[in-house]
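Trainee: First the structure, then my questions, so here it is.
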Amino acid sequence: EVLQIKTQTKDYPLYVGSNISINLPEFIKGKVTKILIITDENVSNYYLKHIEEILKEHFPVTSFIIPSGEKAKSIDVFYKCHTHALQEKLDRSSLVIALGGGVVGDLAGFVAATYMRGVPFIQMPTTLLAHDSAVGGKVAINHELGKNMIGVFNQPESVVYDISLLKTLPESEMRSGFAEVIKHALIKDVELYNWLKKNVHSMADVQGEHLQHMIISGIKVKADVVYEDENETGIRAYLNFGHTLGHAIEAELGYGQISHGDAVAIGMLFAIKVSENHYGIELNHDSFLAWFEQYGFPISIPSGLSATSLLERMKRDKKSKEDKIRMVLLREIGTVELVQVNEEMIRSMLGEVCND
Ligand code: NAD
Ligand code: ZN
């Protein structure tokens, strides 16, 4: 299947399906002098040979393997990618392929944006979370003082999403990406929400045709929201549903101590509770708890975290203005708003759910 992704600067195709890597050379348009595959250790062990062989019949290929995990989004690894590209004599007609999850996509996209002032790149996502990260054009590396602080907007030439590559993804990573699928359903896609409730009862159901359906649906929501909000002033913030508390939990525990999706799941449950309070409506929070539990998401705030420190983090969130907490709240399933919430209400609600 092919989706057409529209952006301000260009439109590009997103190919999705099982085993579509085999057709990779057909997806590469224009004259390409050399291809640099950037991938990480885990992904390269499973798939690098396979992808290299497919490409080698048509193009000169070189590969650069980065360490697995968030630590690879560093200035040091970024520089090493450039060194490799220079040694391998890539020129402005060369192509970068990001083969991996969000870490590889963010790093390789930034390498492509900066190598000789920019060369084209293709995203080949290998995680479920990457249905989120591979669309939207944000690429970045981390600074010691903040995540994703060094980066640019850079749209790929295309995205090639071979679902069969996700077979080796550990369940915890699958669940992490699945949280973003749920998020996309709750903020803008009632149909997807109903479909998930009906068809996906546990993480074991997140595979095959089901997996493909949720990737396509999630990408459509993400691409729509990003397209509608060219200047990142308004509705792009909706994508932050569950992330105000989610990010606070990740930061307080230390990055890597909890998966992004697990933190976002806790954040979404909290946002639903706040929504009930703020709007004075009944969203049936308990049924969301039970639903999230079915997939193995943690449903309470990890012990050791205090309401005060989480609140401080939430106030420093990028959405906040003048020290006021702003959260994306659920009006009804499929409809969210960015709302300035009452700090005392949040403090007392956090107090109720924190164990310390
Ligand atoms: P990741 O790329 O680190 O992948 C998670 C783990 O799974 C890694 O250990 C990786 O080696 C392994 N892995 C990947 N594919 C595999 C496969 N097919 N089989 C077996 N193992 C595999 O992390 P992620 O969760 O994909 O992405 C997280 C990153 O995405 C973060 O750095 C985050 O900042 C970024 N992100 C970016 C955006 C954006 O808009 N650019 C949006 C959301 C997240
Ligand atoms: Zn997220």
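Trainee: For residue 311, all conditions in the list (1) surrounded by 14 or more Cβ atoms within 10 Å (Cβ to Cβ); (2) closer than 25 Å to residue 181 by Cα; (3) in contact with a helix residue (DSSP H, G or I) (Cβ under 9 Å, 6 or more places away or on another chain); (4) of a type outside the set (Val, Ile, Thr) hold save one; what is the number of the exception?
Mentor: (2)
Trainee: Just a yes or no: is a residue in region 142-163 surrounded by fewer than 24 Cβ atoms within 10 Å (Cβ to Cβ), outside the structural domain of residue 194 (by TED's automatic domain parsing) and within 14 Å of ligand 2 (Cβ to nearest atom)?
Mentor: yes
Trainee: In this structure, is residue 88 more than 14 Å from the chain's Cα centre (by Cα), closer than 30 Å to residue 207 by Cα and acidic (Asp, Glu)? Please lay out each step first, then the result.
Mentor: On the way: more than 14 Å from the chain's Cα centre (by Cα): yes; closer than 30 Å to residue 207 by Cα: no; acidic (Asp, Glu): yes.
For residue 88, the condition - more than 14 Å from the chain's Cα centre (by Cα), closer than 30 Å to residue 207 by Cα and acidic (Asp, Glu) - is not met.
Trainee: Just to be sure, is residue 334 farther than 16 Å from residue 176 by Cα, surrounded by 15 or more Cβ atoms within 10 Å (Cβ to Cβ) and touching a helix residue (DSSP H, G or I) at 6+ places or on another chain (Cβ under 8 Å)?
Mentor: It is true that residue 334 is farther than 16 Å from residue 176 by Cα, surrounded by 15 or more Cβ atoms within 10 Å (Cβ to Cβ) and touching a helix residue (DSSP H, G or I) at 6+ places or on another chain (Cβ under 8 Å).
Trainee: Considering each of 288, 241 in turn, give the residue that is out of contact with any Phe, Trp or Tyr (no Cβ under 7 Å at 6 or more places or on another chain), within 16 Å of ligand 2 (Cβ to nearest atom), outside the structural domain of residue 8 (by TED's automatic domain parsing) and not charged (D, E, K, R). Step through it out loud before you land on a result.
Mentor: Details: 288 fails: within 16 Å of ligand 2 (Cβ to nearest atom).
Just a single option satisfies the conditions, and that option is 241.
Trainee: Evaluate the following for residue 317: is it away from ligand 1 (no atom under 16 Å from the Cβ), at pLDDT below 95 and of a type in the set (Asp, Glu)?
Mentor: Spelling it out, it is not the case that residue 317 is away from ligand 1 (no atom under 16 Å from the Cβ), at pLDDT below 95 and of a type in the set (Asp, Glu).
Trainee: While we're here: Of the conditions (1) modelled with pLDDT of 95 or more; (2) out of contact with any helix residue (DSSP H, G or I) (no Cβ under 8 Å at 6 or more places or on another chain); (3) exposed (fewer than 15 other Cβ atoms within 10 Å of the Cβ), residue 232 satisfies every one except a single condition; which number is it?
Mentor: For residue 232, the exception is condition (1).
Trainee: Quick check, is residue 288 in contact with a Pro (Cβ under 9 Å, 6 or more places away or on another chain), surrounded by 12 or more Cβ atoms within 10 Å (Cβ to Cβ) and part of a helix (DSSP H, G or I)?
Mentor: No: the conditions fail for residue 288.
The values are calculated or read from the model by the stated rules, or taken from the named source; none is laboratory data. Everything numeric in this text was worked out from a predicted model, so none of it was measured. Backbone-built Cβ (ideal geometry, glycine too); neighbour counts: all protein chains shown.
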